[in-house]
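*Asks:* Supplied in C-alpha cells, the structure appears directly below.
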Amino acid sequence: MVRHGRGHRGGIFVLTGLQAREVAGPAVILSYVVSGVSALLSVFCYTEFAVEIPVAGGSFAYLRVELGDFMAFIAAGNILLEYVIGGAAVARSWTSYFATLCGHEPDDFRIYAPYLQEGYDHLDPVAIGIIVVVCIFAVTSTKGSSRLNYIASIVHAGVILFIIVVGLIKADTKNYSNFAPFGVRGVFKASAVLFFAYIGFDVVSTMAEETKDPARDIPIDLVGSMVITTTIYCVLAITLCLMQPYYNIDIDAPFSEAFKDVGWGWARYIVAFGALKGMTSVLLVGAVGQARYLTHIARTHMMPPWFAVVNSKTGTPVNATVVMLAATAVIAFFTKLDILSNLLSISTLFIFMLVAVALLVRRYYVSGVTTAGDRNKLVIFLALILASSIATSAYWGLSKKGWIGYCITVPIWILATVGLRVFVPQARQPKMWGVPLVPWLPSASIAINIFLLGSIDKDSFLRFAAWTAFLLLYYFLFGLHASYDTAMMYEGKTLENGEGSKTGAELKGEPDVVSKDGSNDPRSS
C-alpha cells in the first residue's frame, strides 16, 4: 500500500497558534473541520484520477489530459509555488521551535533589517541552514531520505500522542468560555489559511504508477489518511486552546510554549524536538516531491529539459532539487509566516478547484462521443457553477453583513448542478474506481474552494496575480513553442522510423500520459 501523502504533517505546528490567537480563537477547531471537509472533497477527485490515470505528474498530468497544455502549465506553476512557499513556511517555523529547544526567542536567531519592507525585514539564516541540510540528503540518497522520513514519522506520532495525553491533564474548560471571539468570519478566514496543514496528499498521485493495486490502495490511503489527519488536527487544536487562553497562545512555537505557560517547562523541550523532527521530514518529502514535479514538467519541454536530468551516480534529479530548494531558501530568508501562508492558500485552493473542474470534464466530455449539443450544455452549466461560486465568494469578502446576495448566487449554483445532472449524459464511467455523487461532489468542491478564497486578503491576491502574470509571459514566450516543437520533432521521428504506434515519450523512454479515450496521448512528449 502507498504510504505517502499524509497531509502537511508540520502544518499543525506551523499555523495553529497564529490562527487561534489572532483569527479564530478556540473556534479554530471548526476551521480545521471546514478545511478538512474541503480537502476531503478534493481528495475524492484526486483519487479517481490517480486510479484511472496512474502516471507520474499528479495534477499536472491530469489537467493536461482533460483541460489541455495551457491550464496544465498554469496549474504546474502554482504547484511549484505551493511547494516552495510551503517549504519556506516550514523552514521559518523550524527556526521558531529550534529557538525554543535552545531556550531562546525566535527573533534571537533572526537578523532585523529595518531598511526592508515590513514582513520581509526579519532575515532567517537558520531557515537557510536547514534547507541546505535537506538538500544534501535529497540529492545524495533516496534510501537515506526514506529512512530519515520513517524515523521522523515515528517520533512525530509519539510527540502528538504526548501533547494530547499530557496536555489535556492541564486542560481548563474556562479557556473555552469565549469560544468564537472573532465570529463566523474568523472561522472561515482561518479555514482558508489552515489548508496549509492539508497539502501534500497530491504526492500520492505522483507515485500511482508505482502502486501494485491502485484501485484498492490509493482510495484507502488518501481518504483514510485525510479522515485520520483531520481528527488528529482537531484534537490537537482542542488541547492547545484548553491549556491556555487563546490570547496568550504563542504565535511562533505554540505547542511547546503552551507547556511552559502551564508550568511544565520540561515538556516544551520534548514537544520542540518532536516538532523539529516532523518539520524536517516534511521538508524532505517536499524536496523529493517538488523535484519529481519539475522533472515531469521538464520532460514535456514546457520547462528547460535541463531540469529533467537525473544524476547517474545518485539516481536523483539533482538540478531540479537544487534549484527548487534554492528558491525556497531565498523566500524563507526574507518572508514572514503570515505572508507565506496566505499566498500558499490561494495557490492550493486554485489547484483543487481546477482538479474538480477537470473531473467534471472527464466524466461528461469525450471527443468523438459527446455531441455538440451536450458539449455546449456542459460548458454553460460549468460556467454557471464557476460564476455563482465566484459571486458567492466575492459577496462574502466584500459584504460584511449582507445576505441578499446569497439568495441569488446559491440557487444558481444548485440549479446549474441539477442541470448538469439532468440534461447532460455522462460520456465516461470509471473502470476501476470513481468519485461518488457526480456531479454534486465535484461541484461542491469547486464551490467551497472558491468560497474560502473570499476570506483571503487583497495583498495576497495581488502577489498571486503577479505570479500568474509571470507564468503567462513565460508560457507564451517559451513554453508554448517548446512544447509544440517537441511534439512535432517526436512526431517526425515516429514517421521516419515507421513506428506509428509509438509516442514521442516512448521513444525517449519517458512515462506516457493516458489520453481521454484510454489510449496513449502524443501530447505527453
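*Asks:* In cubic angstrom, how much convex hull volume per residue do the alpha carbon atoms of the stretch 40-130 span?
*Replies:* Here the figure is 158 Å³ per residue.
*Asks:* With the convex hull built on the Cα atoms of the stretch 348-459, state its orientation-averaged projected area in nm².
*Replies:* Across all orientations, the stretch 348-459 yields a mean hull projection of 7.8 nm².
*Asks:* Here is a further query. Would you mind putting 397-403, 100-106 in packing order, based on average other-beta-carbon counts within 10 Å, highest first?
*Replies:* Listed from highest to lowest mean packing, they are 100-106, 397-403.
*Asks:* Next question, about the same structure. Using only the alpha carbons of the stretch 269-325, what is the convex hull's orientation-averaged projected area in square nanometres?
*Replies:* The Cα convex hull of the stretch 269-325, projected and averaged over all directions, gives 4.4 nm².
*Asks:* Before I look further, what does the stretch 170-299 give for accessible area per residue, probe 1.4 Å, in whole square angstrom?
*Replies:* Accessible area per residue: 35 Å².
*Asks:* For the stretch 272-375, what is Rg from Cα atoms divided by 2.2 N^0.38 Å, rounded to two decimals?
*Replies:* Output field value: 1.47.
*Asks:* Further, regarding this structure: Provide the gained length on full extension for the span Cys407 to Leu462, in nm with one decimal, where the gain is 0.36 nm per separating residue minus the Cα-Cα distance.
*Replies:* Answer, rounded to one decimal: 16.9 nm.
*Asks:* What area, in nm² and to one decimal, does the C-alpha convex hull of the stretch 25-91 cast on average over all directions?
*Replies:* Average projection, Cα convex hull of the stretch 25-91: 5.9 nm².
The values are calculated or read from the model by the stated rules, or taken from the named source; none is laboratory data. Being a predicted model, the structure only gives us computed values, none of them experimental. We place every Cβ from the backbone using ideal geometry, glycine too, and count neighbours over all the protein chains shown. Accessible surface areas use protein heavy atoms only, side chains included; no ligands, DNA or RNA. Shrake-Rupley method; radii C 1.70, N 1.55, O 1.52, S 1.80 Å.
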